[in-house]
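Take a look at the structure set out below.
The values are calculated or read from the model by the stated rules, or taken from the named source; none is laboratory data. Not measured: the values here are computed from a predicted model. With ideal geometry, Cβ positions are generated from the backbone for all residues, glycine too; neighbour counts draw on all protein chains shown. These accessible areas exclude ligands, DNA and RNA; they are computed on the full protein's heavy atoms, side chains included. Shrake-Rupley method; radii C 1.70, N 1.55, O 1.52, S 1.80 Å.
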Amino acid sequence: MEKLLPGQMAFFYHRSELQLGLVTAVHDNVLALTDTNGQKHQFPHSRICLNSSETFDTKDPLAQLQKFQNQMQQEADILCHIKELMQDHQGRSFDQIIEQLNPSSDVQLFSAFYQLSCLPTVFSHRKGVFHLLTPTQQQEAEALLREKQARQDFLAQVKEWLSKPETALDAGTKFQLAQELRDLQQEDVHHDLTVLLKKRLSHQPEQLIALRRSLGDLPPQEDPVLDASGLPLLHSDFIWSQEFGIVTDRSLAEVEAFSIDDVGTQDFDDAISLTPKEDCWLLGVHVSDVASVLLQGSPAFTDAITRASSMYLAHTKINMLPTFLCEDKCSLKATQTRPVLSLYCEIDSQQHIGAWHFKLESLKVKANLCYKEADPLITTTPWNKLKLFADKLHSERDFTIPKAKFLYQLKVEGSQIRMVRTDLHSPARLMMEELMILYNRLFASAASDNLLKLIYRNVETSEAQTPCSNNTSPVRAQVYLSPEPKYHNGIGVKAYLHATSPIRRAVDLINQAQFVAWLKSEPDPYSQADLEMLIPRIEKRLRLQRETQRQSERYWLLRYLQSNWMNIPINAIMVRSFVRGCLLELVPWGFRIVVECDNLPHPDEEVKLVLTQVDPLKGYCRADLIS
């Protein structure tokens, strides 16, 4: 490029925007320019994209620039000429275009360059070559431009809010910002927001937590584990303030149904019924039809899927659905009519399954029972027949893994932390587990027979658990999710999935939505490609939830030990050792903790653990071990 002279007009890019400037001075290889906003710049000649052949008076640069701009705007016809020239959609350089256009003035030359460079919905520009966009490409470019503008508007609002916290953010911006702050807690994303935050604050984890709390995205009560997890803990009114109706046009099931769950449960998503027929019993397993309440593809449905699962922690429960849905409109509460997806099976006197089918209907549950209340009932007629049927189902499995008699869990009630024991061998609990497995496997059978694309639970054959004849422990199965069904050797069926808990699990909700659409002869909400894209996201969120639950459990366990077991011997079993300590399993609770200690016992050795120092926040504890 020839060296420029004072008084020449020039196009240059500054902060990714094409700017018009007037050269006011030249010093060696450095140009002094004034732009249309009166800003002064100093650039080397190489920064100039286009320069005029004519020179202008530099005494009043702004006046000259304004006049030149007005003249460019009057050359509107130049756009039509360029589009006509490039309607063959062949790529051309700017020089080739100008050669064919043959502009008669600098104004036309600059106008042509501006139209080609600054109309991304009409022309594309890559490596010096311009193309006229096709109608389809123009629509795509317009969508991208709207998206870019929306992003700029969003960042501008966030910038103003950071500068003036008293500024009110609209509901949509508040929701999006909270969502992106959660993302930033988990991984390096949203780089433009990160840059903005670093300019305004230190972008430390504590700052992200403080911003989320100021947006109302975190509960007022601080929780070090949950706050830092980046998980959504509350439900935004922006998504969930709409009306959610209950389907009322279905026939009411003529059965006497009961739900059976843990004490204190309010989100009842399943119930059972047993009705005598002439030559058999009719078993009903009824699951809340959440898919009929949440519109597929709606922001609420998408938000539920993003959450992946409800979380049950020592001090709180994080529901997948907001309380008014999971504990009311979608919950199979006693005496309330709710839409359900029911499985009906005919059971003969030998506990064999005859005909079975799924049905969309309404259900009014008679009572919500806990396991302790249900245990004595299932020893009486007719429920004892159902218990025999469930026992038979259990015995027919390929194999089962023995489970511990009790499960110990921590429960926070006010300022008290208690250890709660659950009987895993409760007859009612074992019966309900088998009936839920039956629902899941027949659901999967119907789906696979009809080539439905659902999210199946498959087992890696090479690593699957198999019965061992040499008294060795079975190899732990590797379970994975897939839209393609495979033989599940743990249950012993050709296909298996989860569908009994759509209130609490996203996979169950998706499966139910797909299945209900099929029953109603409607299009699938999700294609196989959609499911293949969703599965990794759900699995990633579930891994984060499991890790958060593990950290939360460790925190509350240490709080519990700190409050109740300091300097008191605790029975423990050595699992493995580290450089400065070991991993111990606390008996009989089954919890495992890492302790720093001086003397290390042998693996599997039973010891007495005496805690001397505990720091729940740091996850640290020191102890003396007595063999």
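So how many residues does region 363-420 have that are assigned to a strand (DSSP E or B) and not charged (D, E, K, R)?
The number of residues fulfilling the criteria is 15.
THR302: among the β-branched types (Val, Ile, Thr), free of Cβ contacts under 8 Å to residues at least 60 places away in the same chain, part of a loop (DSSP other than H, G, I, E, B) and surrounded by fewer than 21 Cβ atoms within 10 Å (Cβ to Cβ), yes or no?
no
If you take the residues of region 33-84 that are among the hydrophobic types (A, V, I, L, M, F, W, C) and within 49 Å of the chain's Cα centre (by Cα), which of them is surrounded by the most Cβ atoms within 10 Å (Cβ to Cβ)?
Looking at residues that are among the hydrophobic types (A, V, I, L, M, F, W, C) and within 49 Å of the chain's Cα centre (by Cα), I get ILE82.
Of everything in region 424-450 that's among the hydrophobic types (A, V, I, L, M, F, W, C) and open to solvent by 20 Å² or more (accessible area, probe 1.4 Å), which residue is farthest from VAL493 (Cα to Cα)?
Result: LEU424.
Does any residue of region 517-536 turn out to be touching a Ser or Thr at 6+ places or on another chain (Cβ under 9 Å) and in contact (Cβ under 8 Å) with a residue 60 or more places away in the chain?
Looking for residues that are touching a Ser or Thr at 6+ places or on another chain (Cβ under 9 Å) and in contact (Cβ under 8 Å) with a residue 60 or more places away in the chain, one finds at least one in region 517-536, hence yes.
Name every residue in region 374-421 that is more than 29 Å from GLY284 (Cα to Cα), at pLDDT below 90 and hydroxyl-bearing (Ser, Thr, Tyr), in order of residue number.
The one that is more than 29 Å from GLY284 (Cα to Cα), at pLDDT below 90 and hydroxyl-bearing (Ser, Thr, Tyr): SER415.
For region 214-238, give me each residue that is without any contact (Cβ under 8 Å) to a residue 12 or more places away in the chain and touching a helix residue (DSSP H, G or I) at 6+ places or on another chain (Cβ under 9 Å).
If the condition is that a residue be without any contact (Cβ under 8 Å) to a residue 12 or more places away in the chain and touching a helix residue (DSSP H, G or I) at 6+ places or on another chain (Cβ under 9 Å), then PRO220, GLU222 are the ones that fit.
Just a yes or no: is a residue in region 321-338 surrounded by fewer than 18 Cβ atoms within 10 Å (Cβ to Cβ) and of a type in the set (A, V, I, L, M, F, W, C)?
Among the residues of region 321-338, at least one is surrounded by fewer than 18 Cβ atoms within 10 Å (Cβ to Cβ) and of a type in the set (A, V, I, L, M, F, W, C), which makes the answer yes.
Quick one: in region 199-252, of everything that is among the polar types (S, T, N, Q), assigned to a loop (DSSP other than H, G, I, E, B) and open to solvent by 40 Å² or more (accessible area, probe 1.4 Å), which residue is farthest from THR173 (Cα to Cα)?
In this case the residue turns out to be SER251.
Assess whether LEU295 counts as being at pLDDT 95 or above, of a type in the set (A, V, I, L, M) and part of a loop (DSSP other than H, G, I, E, B).
So LEU295 fails the test.
Among LEU116, LEU109, LEU101, which is the only one that is surrounded by 15 or more Cβ atoms within 10 Å (Cβ to Cβ), in contact with a helix residue (DSSP H, G or I) (Cβ under 8 Å, 6 or more places away or on another chain) and either at pLDDT below 95 or charged (D, E, K, R) (or both)?
Unique residue meeting the criteria: LEU101.
Residue by residue through region 60-111, note down the ones that are part of a helix (DSSP H, G or I), under 22 Å from HIS131 (Cβ atoms) and touching a residue at least 24 places away in the same chain (Cβ under 8 Å).
Residues satisfying the conditions are ILE78, LEU79, ILE82, LYS83, PHE94, ILE97, GLN108, LEU109, PHE110, SER111.
Does region 188-204 contain at least one residue that is within 27 Å of VAL412 (Cβ to Cβ) and either touching a helix residue (DSSP H, G or I) at 6+ places or on another chain (Cβ under 8 Å) or not hydroxyl-bearing (Ser, Thr, Tyr) (or both)?
no
Tell me yes or no: at least one residue of region 302-325 is over 21 Å from LEU233 (Cβ atoms) and at pLDDT below 95.
no
Looking at HIS286, HIS315, can you tell me which residue is open to solvent by 20 Å² or more (accessible area, probe 1.4 Å) and either part of a loop (DSSP other than H, G, I, E, B) or in contact (Cβ under 8 Å) with a residue 40 or more places away in the chain (or both)?
After ruling out the rest, the residue left standing is HIS315.
If a residue counts only when it is open to solvent by less than 50 Å² (accessible area, probe 1.4 Å) and hydrophobic (A, V, I, L, M, F, W, C), which strands (runs of 3 or more DSSP E) contained entirely in region 586-627 have at least 3 such residues?
It comes to 606-615, 620-626.
Taking HIS125 as meeting all but one of (1) touching a Leu at 6+ places or on another chain (Cβ under 8 Å); (2) farther than 25 Å from ASN37 by Cα; (3) open to solvent by 50 Å² or more (accessible area, probe 1.4 Å); (4) modelled with pLDDT of 95 or more, write down the number of the exception.
(4)
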